[in-house]
Amino acid sequence: MNEKFFDLKKEKQDRMINAGLQLFAVNGYRNTSTDEIVAAAQISKGLLFHYFASKTGYYSFLYDYITRYALLELNTRIRPGKHDFFELERAFLKAETALMEQYPSYLLFLDSVRLEGDKEALASLNKPEETVFSFYKEREAESDYSAYLRMDSRETFTSVLGYVKAGIMREVIRDKAQGASEYQRRMSAILDSFQRLAASL
């Protein structure tokens, strides 16, 4: 973790973090240039290299930082145990909304890392023992879905839900007028609909 970076004012830190999260999430590692990064973060290229040395250093920092930050939020809000499946998904939604208030593209960035094909970028990452997606998977595996007679595969359902979340996040980020609250509103309505469908005979 780059200690010098955290001496900056919080507003500047967040601007530099959010610029990278959004650009890498949308364009991937290879198609994101340092020129685009410094323009979005409103900093000089010299400053970017002063704190991160290279694009790969910046990418690695973002992955490490946002993984730690998101896991702290998730672990604070969601304890291990046998939760009702849809109550668990609503707890995830609250945590996601809180995280998006500060880092709107965080989950799309993490998903883009999971799908990244650039070997240089992937080699730069420190692989944590726990990732955000492994946290989700572990909690969902513990969840109780016995009340939902039409949900025959929890894994299939969570996969579909992941695609829906990503799609709505992309729409919300693209439309600057929308925000985390709009993501929460739309996902809450979808969870309500899915729960009714899963429970009906």
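Restricting to region 34-59, name every residue that is open to solvent by less than 60 Å² (accessible area, probe 1.4 Å), in contact with a helix residue (DSSP H, G or I) (Cβ under 8 Å, 6 or more places away or on another chain) and of a type in the set (Gly, Ala, Ser). Scanning region 34-59 gives 40, 41.
Every residue, every condition in (1) open to solvent by 80 Å² or more (accessible area, probe 1.4 Å); (2) assigned to a helix (DSSP H, G or I); (3) of a type in the set (A, V, I, L, M, F, W, C); (4) touching a residue at least 12 places away in the same chain (Cβ under 8 Å), yes or no:
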| residue | (1), (2), (3), (4) |
| --- | --- |
| 127 | yes, no, no, no |
| 134 | no, yes, no, no |
| 139 | no, yes, no, yes |
| 158 | no, yes, no, yes |
| 167 | no, yes, no, no |
| 178 | no, no, no, no |
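Annotation note: of 61, 6, the sole residue that is hydrophobic (A, V, I, L, M, F, W, C) and modelled with pLDDT under 95 is 6.
Of all the numbered requirements in (1) surrounded by fewer than 20 Cβ atoms within 10 Å (Cβ to Cβ); (2) of a type in the set (Gly, Ala, Ser); (3) touching a residue at least 12 places away in the same chain (Cβ under 8 Å), residue 20 misses one, and that requirement is (1). Among the residues of region 23-33, those that are surrounded by fewer than 20 Cβ atoms within 10 Å (Cβ to Cβ) and either of a type in the set (Val, Ile, Thr) or without any contact (Cβ under 8 Å) to a residue 40 or more places away in the chain (or both) comprise 26, 27, 31, 33.
Out of the residues in region 180-201 that are among the basic types (Lys, Arg) and without any contact (Cβ under 8 Å) to a residue 12 or more places away in the chain, state the one that is surrounded by the most Cβ atoms within 10 Å (Cβ to Cβ). Among them, the one singled out is 185. Does residue 111 count as at pLDDT below 95 and outside any loop (DSSP other than H, G, I, E, B)? Yes; evaluated as a whole, the condition is true for this residue.
Within region 90-108, being open to solvent by 10 Å² or more (accessible area, probe 1.4 Å) and outside any helix (DSSP H, G or I) holds for one residue alone: 104.
The values are calculated or read from the model by the stated rules, or taken from the named source; none is laboratory data. Everything numeric in this text was worked out from a predicted model, so none of it was measured. All Cβ positions, even for glycine, are placed from backbone atoms using ideal geometry, and neighbour counts span all protein chains on display. Please note that ligands, DNA and RNA were not included when accessible areas were found on the heavy atoms of the full protein model with its side chains. Shrake-Rupley method; radii C 1.70, N 1.55, O 1.52, S 1.80 Å.
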